[in-house]
Amino acid sequence: MTIYYLGDEGLMTMDNRFPEIFCEGDSWFSYPLLPAGNLINEIDNIYSNGRTIFNTAETGGRIADILQGKSRKRLIDNLRGYATIKVILFSGGGNDFIGNLLEMLEPDCSGKTTAAACFRRTETDAQFARIAEGYRELMALRDRYRPGVPIVTHQYDYAIPSDKGVFWFGSWVKPRLDFARVPANLHLGITRILIDRFITTLAALENDLFIVVPTAGTLTAADWQDEIHPSRGGIKKLVP
């Protein structure tokens with residue numbers, strides 16, 4: 001294994017290693033529970049080929065949080081400090097639109113007959129505009145401190161709202177849908193709209209140095225560890 005995590009800079013220096021693959025983002029890169037693991041574990045297993053990975057992703061990370069305060073300073077310090085970085089892997093946006101889902105939904109969707117009718121357009125547009133702005137800011141920081149280095153991200157996948165969470169913490173999407181009184185037959189449609197909107201948001205930003213891996217539509221119902229994280233088998237599908 002060649003992964004060093006947040007707080008491992010001293011160990012990495014002692015090992016006389018410097019990151020070639022730099023990772024930042026959320027739990028799809030940092031999910032700690034075995035046997036599922038996360039995408040970076042699998043990328044290391046299959047593709048790193050001995051390259052040093054420095055993974056500073058944190059569970060629950062939102063783009064808005066990563067790009068402000070101490071997290072922003074840490075990101076800049078890493079980009080500026082490691083001239084060895086050849087690629088930046090980033091996972092972000094999911095916690096932003098899930099965490100703010102109630103802002104996007106009508107307060108009472110019990111009478112709605114389509115998933116699209118549950119969304120408030122102005123709030124939804126504003127949420128995905130903020131996500132796009134976060135990605136543009138990330139690219140601007142890359143251009144300033146590590147120009148020419150590609151950023152690679154992904155689309156997540158069509159999560160299935162359920163009560164399956166982590167230990168006693170519960171799930172993430174279904175409680176919000178229940179609170180907004182979204183009919184159960186519209187739950188899957190809600191997550192499909194969210195992911196499709198995210199795909200569209202990323203596609204508008206894609207270029208030679210901002211690469212989006214098309215992960216949406218990869219997983220089946222059996223490929224989820226919990227409501228929003230892929231299982232070990234799911235990760236192997238996402239990182240073939």
**Message:** Keeping every protein chain present and rolling a 1.4 Å probe, give me the accessible area per residue for the chain in Å².
**Reply:** 47 Å²
**Item:** Solvent-accessible area, 1.4 Å probe, carbon plus sulfur percent, for the chain
**Value:** 56 percent
**Request:** Give the cross-link partners of Lys112 among the aspartates and glutamates, using a straight C-alpha distance below 14 Å as the criterion and excluding same-chain residues fewer than 8 apart.
**Result:** Asp178
**Message:** Please enumerate, by chain and number, the lysines with C-alpha under 23 Å from the C-alpha of Lys237, excluding those fewer than 8 residues away in the same chain.
**Reply:** Lys164
**Asked** Mind checking the dipole of the chain: about its Cα centre, +1 per Lys or Arg Cβ, -1 per Asp or Glu Cβ, Debye to the nearest 20?
**Response** 200 debye
**Prompt:** Given H placed 1.01 Å from N in the peptide plane, which residues other than close sequence neighbours of Gly25 have an amide H under 5 Å from its amide H?
**Reply:** Ala57, Glu58, Ser91
**Prompt:** Ignoring ligands and nucleic acids, what accessible area does Ile199 show with a 1.4 Å probe (Å², nearest 10)?
**Reply:** 40 Å²
**Request:** State the three equivalent ellipsoid semi-axes of the range 9-97, derived from the C-alpha gyration tensor as the square roots of 5 times its eigenvalues, in descending order and whole Å.
**Result:** 20, 18, 11
**Prompt:** Hey, what angle do you get for helix 187-203 against the long axis of the chain, alpha-carbon based, 0 to 90 degrees rounded to 10?
**Reply:** 40 degrees
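When only the heavy atoms of the protein chains count and the probe is 1.4 Å, how do Ile235, Ile76 rank by accessible area, highest first?
Descending accessible area places them as Ile76, Ile235.
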**Prompt:** In terms of the Cα gyration tensor, with a ≥ b ≥ c the square roots of its eigenvalues, is the chain rounded because a/c is under 1.5, prolate because a/b exceeds b/c, or oblate?
**Reply:** prolate
**Asked** Counting each DSSP H run of 4 or more residues in the chain as -39500 (n - 2.57), what helix-only mean residue ellipticity at 222 nm follows after dividing by all residues, to the nearest 500 deg cm²/dmol?
**Response** -12000 deg cm²/dmol
**Prompt:** What is the helix-to-structure angle for 69-81, meaning the angle in degrees between its Cα long axis and the longest Cα principal axis of the chain, kept from 0 to 90 and rounded to the nearest 10?
**Reply:** 40 degrees
**Request:** Find which of Leu79, Asn45, Ile235 sits farthest along the positive direction of the dipole of the chain, computed with +1 on the beta-carbon of Lys and Arg, -1 on that of Asp and Glu, about the Cα centre.
**Result:** Leu79
**Message:** For Lys236, what accessible surface area do you get with a 1.4 Å probe? Give it in Å², rounded to 10.
**Reply:** 100 Å²
**Prompt:** Can you pull the accessible area of Lys164 for me, 1.4 Å probe, Å² to the nearest 10?
**Reply:** 110 Å²
**Asked** Cysteines of the chain lacking any other cysteine beta carbon under 4.7 Å?
**Response** Cys23
**Request:** Order the following by accessible area, largest value first: Arg121, Arg17. Probe radius 1.4 Å; ligands, DNA and RNA are ignored.
**Result:** Arg121, Arg17
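The values are calculated or read from the model by the stated rules, or taken from the named source; none is laboratory data. The structure displayed is predicted, hence computed values, not measured ones. FYI the Cβ positions are ideal-geometry reconstructions off the backbone, even for glycines, and counts take in every protein chain you see. Ligands, DNA and RNA are excluded from the accessible area calculation, which covers all protein heavy atoms including side chains. Shrake-Rupley method; radii C 1.70, N 1.55, O 1.52, S 1.80 Å.
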